[in-house]
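Notes follow the structure.
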Amino acid sequence: MSVCSENRKYQITAISDALTDIIAEVSDEMLQKLDLPKGNSIALNEENLKKLANIVDTNKPRIAPGGSPTNVIYGASNLGLKCAFIGCVGCDDFGYDYINNLRDNDIDTYVSIKRGNSGLCYTLISPDGQRTFGLNFGVAKQLYEYEILHSLIKSSEFLHFSAYEFRGDNPINVATRHAVSIARKARTKISFDLGDSLVVKSSREQIETFLSEKIDILFANEDEAKALCEGSSNFKGLLKYTDLAVIKLGSEGAIAITPEGEIRVSAYKVEDVKDTNGAGDNFQAGFFYGQYKKLNLETCLRIGHFLAANIIRRIGAQSQVKISGIEYFI
């Protein structure tokens, strides 16, 4: 797959629920008490929020800007790609810190600030490194279609977002689909991450309607791909939605599927896994870099694995390390 022939200002513009990650290490027993399904993301009720607040207060959390597409462009910016962000935050410290953190990482922000609380994602890390998400969206879903800048989409090589933005009947759902229509007219390439198997199942009709007109890159992990393929492991079926599907298989590696065939690359072996949060997002950042550099698919996958292997050795979904010319030393 080739990138846009024009010299555009941004390599990637991402639309994302602007969720500040509040990261805490917890026991499996704590997850059971919270009634949260391990490894998935669930909107919180009032009772869970109160329990989480108590847990977070006693576990010294780390705080960082989050949201899956946000993590992707954070990683891509570290590799030297020029990125932009579209989202919505509240008029509170979390919101302003979110904007400033992205700007400090050289990401241009096109953010709406609304009255109310910013979105929060309680990211709970269990002893095996698995992450579970409890969500309090605040105003994060209140991004309206009139707030999408046409000129920004047109000046981007890729528009990237996830199934998370399709969750629920919210303004950001409509705004994202509006951005897609602008992208198609502007020949901006469209990249989509399935995000979460539960989201795929709950928003299946919307996702399939969106994918009925082919996109340029489809990212998924194994569970998400199976959910979209109605339980099947024959992922070639994803080619009805795209000419490039990338399936992330965790420690088993990743597969790039095209009409010409499949390419599989093994993951780097990591003994000291601390936190799997952000592994897939950083993988995608590396893959995007390879695409931008017009590298072959095997190298794109290998760069993705390198970034994923490094992020899971630490707590948190983002790295502060800038890397230049990563393809020369992986």
GNM top mover of His160, His305, His178 - the chain, alpha-carbon springs below 10 Å: His178
In order through the stretch 8-14: 3J(HN,Hα) via Karplus (6.51 cos²θ - 1.76 cosθ + 1.60), integer Hz, x for Gly, Pro: 9, 5, 10, 6, 9, 10, 10
For the chain, convex hull of alpha carbons as volume per residue, Å³: 124
Fluctuation leader among Ser203, Ser77, Ser162 - the chain, Gaussian network, Cα springs under 10 angstrom: Ser203
Neighbour-limited loop hits for trypsin sites (Lys or Arg not before Pro), the stretch 251-289 (at most 16 other Cβ within 10 Å; DSSP other than H, G, I, E, B): Lys269, Lys274
For the chain, size of Cβ-based charge dipole, Lys and Arg +1, Asp and Glu -1, in debye: 740
Tensor-based shape of the stretch 106-159 (alpha-carbon gyration tensor, a/c under 1.5 rounded, otherwise prolate or oblate): oblate
Cβ-based charge dipole, the stretch 10-328, positive-most Cα from Thr176, Thr188, Gly278: Thr188
Residues Leu307, Leu301 arranged by fewest to most Cβ contacts within 10 Å: Leu301, Leu307
Those GluC sites (Glu not before Pro) in the stretch 215-323 that DSSP places in a loop and that have at most 10 other beta carbons within 10 Å: Glu230, Glu260, Glu271
Inter-centroid distance (Cα atoms) of the stretch 147-185 relative to the stretch 52-75, Å: 24
Ordering of 21-34, 119-132 by packing [mean C-beta count within 10 Å, highest first]: 119-132, 21-34
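We did not get these values from a lab; they are worked out from the coordinates using the rules stated. All values derive from a computational prediction rather than experimental measurement. No Cβ is skipped: glycine too gets one built from the backbone with ideal geometry, and neighbour counts run over all protein chains shown.
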